[in-house]
1. What number of residues within the range 310-348 are in contact with a strand residue (DSSP E or B) (Cβ under 6 Å, 6 or more places away or on another chain) and part of a loop (DSSP other than H, G, I, E, B)?
2. Every residue in the range 364-407 that is more than 24 Å from Gly13 (Cβ to Cβ) and of a type outside the set (Val, Ile, Thr), please.
3. For residues that are aliphatic (A, V, I, L, M) and closer than 20 Å to Ala382 by Cβ, scanning just the range 12-25, find the one that is surrounded by the most Cβ atoms within 10 Å (Cβ to Cβ).
4. Any chance the range 55-76 includes a residue that's in contact with a strand residue (DSSP E or B) (Cβ under 7 Å, 6 or more places away or on another chain), of a type in the set (A, V, I, L, M, F, W, C) and touching a residue at least 60 places away in the same chain (Cβ under 8 Å)?
5. Quick one: Arg364 ticks every box in (1) closer than 29 Å to Thr75 by Cα; (2) surrounded by fewer than 22 Cβ atoms within 10 Å (Cβ to Cβ) bar one, so which box is it?
6. Go over the candidates Gly45, Gly20 one by one and state the one that is modelled with pLDDT under 95 and more than 24 Å from the chain's Cα centre (by Cα).
7. Tally up the residues in the range 145-179 that are outside any strand (DSSP E or B) and either farther than 19 Å from Pro92 by Cβ or not small (Gly, Ala, Ser) (or both), please.
8. For the range 106-131, which residues satisfy the criterion of being within 18 Å of Ala355 (Cα to Cα) and charged (D, E, K, R)?
Amino acid sequence: MDLILRQARLPDGQGPLDIGIVGDKVAAISPHINAEARAEIDATGQLVAPPFTDPHFHMDATLSLGLPRLNVSGTLLEGIALWGELKPLLTPEAVMERALRYCDLAVSQGLLSIRTHVDVCDDRLTAVEALIEVRKTVAPYIDLQLVAFPQDGLFRTANSEKNLLRALDMGVDVVGGIPHFERTMSDGTRSVLRLCEIAADRGLMVDIHCDESDDPMSRHVETLAAETTRLGLGGRVSASHVTAMHSYDNYYASKLIPLIAESEMNVIPNPLINITLQGRSDTYPRRRGLTRVRELRAAGVNVAFGQDCTMDPWYSLGSADMLDVAHMGVHAVPMTSREAMEWAFTSVTVNGARAMGLPDPTIREGGPANMVVLQARDPIEAVRLRATRLAVIKHGKVIARTEPRVAHLDLPNRAETLDPADYAPTAKDP
């Protein structure tokens, strides 16, 4: 064996187990592997999980907080305007430097798969050029997908469609869009039709910023679901944000959600950003700003939480920590049953990989030797504590280590002491 992790716990509750790695594959999982290894990790009592995934991010803007100024109102629209001021000042070198710093942070957090939207409304395609180079540089340790994203609208600016096609020709992976930012609802609908046809013609995935608004009449996700079904795109399509769904009346939502489920597309909410940018014009009662996660889950839709932003024109916080995203999702939805909190962990690991079209990252014999050792006993404790990443493993090699936090596990796991008659561990949230 090249590496053995001793006496680990798995997210599904199995353990303690030894995990043996040969090359870049998991060679064996058993209560005890009686073999020598070049290296061992004592994972006794610790959770070993698939690496974290972020299916929605903006790496071209990351770590640009304060350039050229701060977002004083904290609104989505001022953030877009601010980004418009920064774009002419961008250089490939500056974008690469910030992106690579972020990728180093991501690796330390066990975040090894990222889908980033890249603005293509700059005729120079500066960010596209830069992030294609970043993708090459980080390939040994991060699966980085690029989305051709017309930030200012496909039809709202003169060269957006031309630039989007140029970016795809340069090797960008995914077709993006923002229909609610077009000049009219009809232009938004037209953009969804065009973008889905481009993706179908080229055999690409689609990821649309869809109805990131408090407007209950912003309903482009319905069109996206219909086009996904019509063109047979299925799981290749993701609707990101979909925050307007929190403002839809229940009757319309009851019609819409089955259409989304029928299409088999993914939905990517972004809890940290959605609850801070949405509902800004509300007094009281104030909307939470997050889409209908529980209802989508109940319909069988693959829902994967994304981070969206870290220290940029839209969000002055963030740390590449997908457990922070899951933790906020638990509070904001809200969803506090044991089953739902475990799902929040899955949403930032397995579900994100599925939304990105990546291979199943579940730790299993014959599977990829990509995993994170967490200072936690189970997924719920990992979410509760935003657990320390003790070791990060990619292709069978340890690429990051962190010292454990003191007294992290001293608190009793209350769920283990509850009487089954008083507690249903698989109960859904009401």
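1. Count: 2.
2. Within the range 364-407, Lys394, His395, Gly396, Lys397, Ala400, Arg401, Glu403, Ala407 qualify.
3. Among residues in the range 12-25 that are aliphatic (A, V, I, L, M) and closer than 20 Å to Ala382 by Cβ, the one surrounded by the most Cβ atoms within 10 Å (Cβ to Cβ) is Ile19.
4. Yes; the residues of the range 55-76 include at least one that is in contact with a strand residue (DSSP E or B) (Cβ under 7 Å, 6 or more places away or on another chain), of a type in the set (A, V, I, L, M, F, W, C) and touching a residue at least 60 places away in the same chain (Cβ under 8 Å).
5. Arg364 satisfies all of (1) closer than 29 Å to Thr75 by Cα; (2) surrounded by fewer than 22 Cβ atoms within 10 Å (Cβ to Cβ) except (1).
6. Matching residue, one of Gly45, Gly20: Gly45.
7. Residues meeting the conditions: 24.
8. Arg115 - this is the single residue of the range 106-131 that is within 18 Å of Ala355 (Cα to Cα) and charged (D, E, K, R).
The values are calculated or read from the model by the stated rules, or taken from the named source; none is laboratory data. Just so you know, these numbers come straight off a predicted model, no measurement behind them. Every residue, glycine among them, receives a Cβ derived from its backbone with ideal geometry; neighbour counts consider all protein chains shown.
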